[in-house]
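The values are calculated or read from the model by the stated rules, or taken from the named source; none is laboratory data. Note that the coordinates shown come from a computational prediction; the quantities given were computed from them, not determined experimentally. Cβ sites come from the backbone with ideal geometry, for glycine too, and all protein chains shown count toward neighbours. In case anyone asks, the SASA skips ligands and DNA or RNA and just uses the protein heavy atoms, side chains included. Shrake-Rupley method; radii C 1.70, N 1.55, O 1.52, S 1.80 Å.
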Amino acid sequence: MTKTYLFLCITIILGCQDSKSKLDPTNIESSRRTELINIMVFQDGQFQVNGQKITESSLESHLGNLPIGENTKARIYLDENAWFGSVSNITSMLLKHEINGTNISSKVYDSETFSKLGKEILVVDILNNNSAQVNGNYIHTSDLILALNSYKETATQVWFSISEKATVGPVFDIQTNAYHLGYDLTFL
């Protein structure tokens with residue numbers, strides 16, 4: 001009787017689990033996908049991808065090493081004096097790595113503003129999976145306040161981007177803390 005009862009209890013418990021919580025390789029794989037790729041194109045021909053400086057010749061292999069999925073977004077920042085053909089080359093590489101063309105955006109900044117990105121201007125992206133990027137570097141949202149504090153000596157502005165499925169708590173906390181720390185807030 002006890003073996004039957006134990007078997008019945010285990011079956012009920014396992015059967016009541018949410019299907020998303022079960023170990024499903026596709027769920028695990030999709031959670032590891034890169035949600036956002038930030039690419040900066042400097043006037044000297046250098047690139048920065050998610051906070052890491054690379055050359056144009058290594059960009060293709062670098063993108064190949066990222067876990068890119070169909071929902072991955074790419075944002076390209078260009079210095080106004082950078083070679084504009086870079087956008088075309090980067091876009092071709094991103095499309096080759098199966099990023100949807102509608103998920104690729106680019107913006108040209110004057111050299112003065114561009115030189116402030118990552119120094120005087122922090123770019124903070126709140127992502128879907130309780131993570132964030134500060135200047136292209138991934139961190140957990142619980143570390144965002146520490147990151148904002150650590151840049152306080154040099155940065156005066158925070159440019160925010162918020163993913164569609166980001167949770168409200170971290171977004172509200174970061175906005176409130178950035179405001180109290182004296183940052184000027186801009187939403188991308």
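Within the stretch 20-167, antiparallel bridges make up roughly 40 percent of the DSSP beta bridges whose residues both belong there.
What is the set of long-range amide H partners of Ile68 at a cut-off below 5 Å, with H atoms built 1.01 Å from backbone N? Hits under the 5 Å cutoff: Thr34.
The relative contact order of the stretch 28-102 comes to 36 percent, based on Cα pairs under 8 Å that sit 6 or more residues apart. Per-residue extension of 0.36 nm, minus the Cα-Cα distance of Leu66 and Thr102, leaves a gain of 11.1 nm for this segment. Pairs to check: Lys96/Lys152; Lys53/Lys73; Lys96/Lys165. Give those whose C-alpha atoms are more than 28 Å from each other in this structure. Pairs exceeding the cut-off: Lys96/Lys152.
Note on Gln46 and Thr176: their simple-model spin labels are 3.9 nm apart, each label 7 Å out from Cα toward Cβ. Please list, in order, the residues from the stretch 141-160 whose amide nitrogen is less than 16 Å from a point placed 7 Å along the Cα→Cβ vector of Asp184. Within reach of a label on Asp184: 154-160.
Tyr151 sits with roughly 60 Å² accessible to a 1.4 Å probe, with DNA, RNA and ligands left out of the calculation. Once each part is reduced to its C-alpha centroid, what is the distance from the stretch 63-124 to the stretch 136-188 in angstrom? Here the answer is 21 Å between Cα centres.
Here r is the Cβ-Cβ distance between Ile54 and Glu164 and R0 is 35 Å; the resulting FRET efficiency, rounded to 0.05, is 0.75.
Rg and Dmax of the stretch 87-140, based on Cα coordinates, read 13.6, 34 Å. Given R0 = 22 Å, the distance between the Cβ atoms of Glu80 and Arg33 translates into a calculated FRET efficiency of 0.10. May I ask for the percentage of alpha-carbon pairs in the stretch 46-96 that lie more than 12 Å from each other? For the stretch 46-96, the fraction of Cα-Cα distances above 12 Å is 67 percent. Over the C-alpha trace of the stretch 83-179, radius of gyration and Dmax come out as 15.1, 40 angstrom.
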